[in-house]
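Data first, discussion second: the structure below is written as structure tokens.
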Amino acid sequence: MTTSRALFIALSIALSFSPAAPLAAQGVPAPAAARPAVPIPPTLKVFDPSYIDKSANACQDFFAFANGAWVKRDTIPAAFSSSGVSKDMTDRNELVVRSVLDEAMAVRHTKPKASTVAKLGTYYASCMDSARAEKEGIAPIMPELARIAAVKSRPALIREIAALRIDGVNVLFNFFPAADPKDAAHYIAWASQGGLGMPDRDYYTKTDAASDSLRRKYVAHITRALTLAGEPSSAAEADAQRVMALETEMAKASMTRVERRDPNATYHKTSITELSGLAPAIDWPVYFRTVGLTAPVGFINVAQPDFMKRASALLTTIPLDDWRAYLRYHLISAASPWLSTPFAAEEFAYGALYSGAKQMLPRWKRCLRVTDRQLGEALGEAYVAKTFSPEAKAQAKQVIDDIRASFRDRLVKLTWMSDSTRQYALAKLESVGEKVGYPDKWRDYSRLQVIDGAFAANVFHANAFEWQRVVDRPGKPVDKTEWDMTVPTVNAYYDPSINEMVFPAGALAPQTFDASGDLASNYGSLGGSWAGHELTHGFDDEGRHYDAKGNLRDWWAAVDSVRFNEQADLIVNQFAGYIQVDTIHVNGKLTLGENLADFGGLVIAYDALERALDRSGKREIIDGYTPEQRYFIAYAQSWRQHTRPEQLRSRVTTDPHAPAEWRTNGPVSNMPQFAEAFQCKPGDPMVRPAGQIPHIW
């Protein structure tokens with residue numbers, strides 16, 4: 001569902017598999033008090049005929065045909081920016097996760113404090129303690145605010161920027177360890193642009209009226225946040241203007257999202273001596289020591305040298321008062337969701353400008369999500385025991401393996417690719433790893449500090465725990481057993497640096513996949529939207545630059561790169577012609593990787609389905625639809641989504657994924673197999689002219 005490491009749909013599992021015994025049956029007592037009843041979402045199906053609008057013409061608008069009946073009766077709940085597959089699966093998943101957390105919370109005082117169960121229960125309980133949050137107000141972050149107020153020199157400013165990094169507050173620039181793109185077996189330290197409060201640099205640089213309005217609203221939001229923290233309103237307003245001016249300078253030096261799609265443009269292996277020359281205002285040895293590095297750092301990948309150069313200049317020219325205001329606001333913003341209602345409400349109201357949500361999620365959902373995000377593997381083991389069967393894993397793996405075999409067949413038969421490039425492509429495909437369900441080894445949380453107190457402190461502790469776990473990685477071998485998603489997440493990803501696909505257990509359930517369900521539907525959803533999609537990411541406009549070992553290396557013959565780009569441009573132009581919202585078009589270049597993966601995934605999975613149907617010998621009609629028709633309908637229903645215009649507007653700038661209707665109609669309109677299945681004719685909107693159809697995979 002995602003490009004490498006980028007998350008799009010935060011979904012989770014439906015209760016479709018036979019659950020194992022609850023924790024109570026394993027010696028853990030049930031919660032002391034029952035929680036308020038939560039409405040149980042409807043049973044989800046991979047292919048649901050009730051969503052189909054039979055008054056719509058599949059050859060005119062396939063998304064409307066496959067999902068139209070559902071769209072007509074759907075209302076987006078006030079707390080959400082969209083409804084559909086994401087919300088439905090998340091709702092069901094969170095009932096499972098909540099049961100795990102409620103049980104852990106109930107027994108936390110009966111377990112050793114150092115145990116994972118006690119830490120999990122205490123963490124969640126401190127988040128759920130709304131009375132304490134209301135009573136304490138800003139108090140939980142006063143030590144950090146005092147630390148910022150004590151910054152009286154440029155060296156102290158560098159130390160505070162580093163200290164906030166440990167707390168999980170990324171200001172000025174991002175610093176983190178990750179695989180070295182050209183030595184994928186080892187980690188390297190990265191420094192990249194960051195530190196902005198608005199969602200993207202374009203919000204600072206665009207001159208249209210809508211962008212100007214959002215900038216003014218951002219300044220007003222900063223003013224209110226600083227005022228809530230105790231600053232006089234006139235001083236807060238002046239500080240907000242300073243923050244905006246500083247961030248605007250940072251934004252001007254930042255690369256666009258489209259520019260960052262080229263992995264070679266963000267690789268600049270730099271020695272520490274060279275780094276000191278590039279950004280001399282930062283005392284790098286002091287910074288490294290303050291963030292907790294204990295091992296020497298030989299090289300760092302400076303992803304955006306121009307940005308780091310500008311950041312260094314700003315550190316010397318911008319007054320310390322401005323920097324303190326900037327740091328103060330970003331600390332308050334990071335902590336606000338976990339402080340008293342005025343802070344949480346202000347942070348939500350600003351975010352709603354981009355999401356369109358009308359009210360905050362209930363506290364239990366917010367607490368559940370942050371617990372999963374920060375202590376995910378502490379939840380994962382119990383979650384798997386309740387939801388995910390070995391049989392389901394085996395059947396999902398069969399679909400994934402069929403997708404791999406189908407892609408290999410296509411590579412062998414490609415007419416536009418030269419033999420030299422083909423051999424490298426086949427070697428890469430052969431090397432693609434996969435993780436299905438859950439990690440073989442669960443994370444050790446013994447060093448995590450959790451207190452029976454203010455939740456904001458626990459958030460900082462969890463951030464520090466995670467940072468301390470990875471800070472000394474530069475130069476060390478990459479841990480290829482690690483997962484970048486938690487087990488309950490309904491999503492998937494392809495990691496080009498490891499050359500692997502990852503499918504958490506949360507993704508392997510209806511509406512995505514049903515172990516006991518229809519073959520054609522499973523191949524349309526899990527096969528097309530997920531397995532084929534992720535596999536194609538290894539060969540999209542970004543992924544194709546990495547070799548079989550995950551190294552950034554040009555293994556393509558020059559003529560093949562030209563041919564690939566010519567076909568990819570057809571996808572760029574196709575999607576640039578679609579309307580995202582109002583009169584704003586989809587950004588065809590920003591969404592290219594996902595659009596290539598959608599198209600490639602659908603084509604590959606179709607071949608895999610035909611292989612599976614031949615193997616099974618079953619081509620029955622179900623609910624009046626052939627296997628091929630169910631395949632395409634299930635694919636379309638995997639994108640069932642209804643989104644608020646505010647989020648669609650922000651996604652034009654920030655999201656590499658096109659809207660759901662175009663992720664459906666775009667790929668299917670390029671497939672003659674679709675036209676044949678639904679008897680569409682040349683000239684129909686769902687049948688693109690032959691000269692405009694890309695032929696890549």
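Some points to look at:
- The charge dipole of the chain, taken about the Cα centre with unit charges on the Cβ atoms of Lys, Arg (+1) and Asp, Glu (-1), comes to about 1140 debye, rounded to the nearest 20.
- Geometric extent, Cα atoms of the chain - Rg, Dmax (angstrom): 25.4, 76
- Over the range 151-338, relative contact order from alpha-carbon pairs under 8 Å, at least 6 apart, %: 31
- Sum of -39500 (n - 2.57) over DSSP H runs of 4+, divided by residues of the chain (222 nm, nearest 500): -16000 deg cm²/dmol
- Along the range 436-445 the Karplus relation, 6.51 cos²θ - 1.76 cosθ + 1.60 evaluated at θ = phi - 60°, assigns HN-Hα couplings of 10, x, 6, x, 6, 10, 8, 5, 8, 9 Hz to successive residues, with x for each Gly and Pro.
- Gap separating the Cα centres of the range 679-695 and the range 51-66, nearest whole Å: 17
- Separation in nanometres of the label points that stand 7 Å from Cα toward Cβ, at R373 and E249: 3.0
- Degrees separating the helix 233-252 axis from the principal Cα axis of the chain, which is the longest one: 50
- Relative to the dominant Cα principal axis of the chain, helix 376-387 is inclined by about 40°.
- Inter-part distance where the range 356-382 and the range 450-472 are each reduced to a Cα centre, Å: 16
- Calculated log₁₀ intensity ratio I(q)/I(0) where the Debye formula runs over C-alpha points of the range 319-424, q = 0.09, 0.15, 0.23, 0.25 Å⁻¹: -0.60, -0.84, -1.23, -1.28
- Fewest-first ordering of E566, E646, E144 by other beta carbons within 10 Å of each residue's beta carbon gives E566, E646, E144.
- Ranked list, fewest to most other Cβ atoms within 10 Å of each Cβ, for D540, D183, D409, D495: D409, D183, D495, D540
- Relative protection proxy for 654-661, 49-56, from highest mean packing down: 654-661, 49-56 (other beta-carbon atoms within 10 angstrom).
- Based on C-alpha pairs under 8 angstrom that are at least 6 apart in sequence, the chain has a relative contact order of 23 percent.
- When S86, S406 are arranged by Cβ crowding within 10 Å, least crowded first, meaning fewest neighbours, the order is S86, S406.
- The residues packed around T664, meaning those with a beta-carbon under 12 Å from its beta-carbon, carry a net charge of -1 if Lys and Arg are +1 and Asp and Glu are -1.
- In the range 432-506, GluC sites (Glu not before Pro) in a DSSP loop with at most 16 other beta-carbon atoms within 10 Å: E482
- Potential extension, D684-I272 segment - 0.36 nm per residue separation minus Cα distance: 142.4 nm
- Since only S234, P263, C59 are under comparison, the one whose Cα sits farthest along the positive direction of the charge dipole of the chain, derived from C-beta charges on Lys, Arg, Asp and Glu, is S234.
- Placing unit charges on each Cβ (+1 for Lys and Arg, -1 for Asp and Glu) gives the chain a dipole about its Cα centre, and among F80, I148, L101 the Cα reaching farthest toward its positive end belongs to I148.
- Compared with the rule-of-thumb size 2.2 N^0.38 Å for a compact globular protein, the range 151-338 has a Cα radius of gyration ratio of 1.05.
- With Cα atoms, 0 to 90° folded angle of helix 305-317 axis to the chain main axis: 20
- Gyration tensor verdict on the range 254-355 (Cα atoms; rounded if a/c is under 1.5, prolate if a/b is larger than b/c, oblate otherwise): prolate
Read-outs throughout are calculated quantities, based only on the coordinates presented, and are distinct from any laboratory measurement. What you see is a predicted model; the values in this text were computed from it and never measured. Don't worry about glycine lacking a Cβ; one is built from the backbone with ideal geometry, like all the others, and counts go over all protein chains shown.
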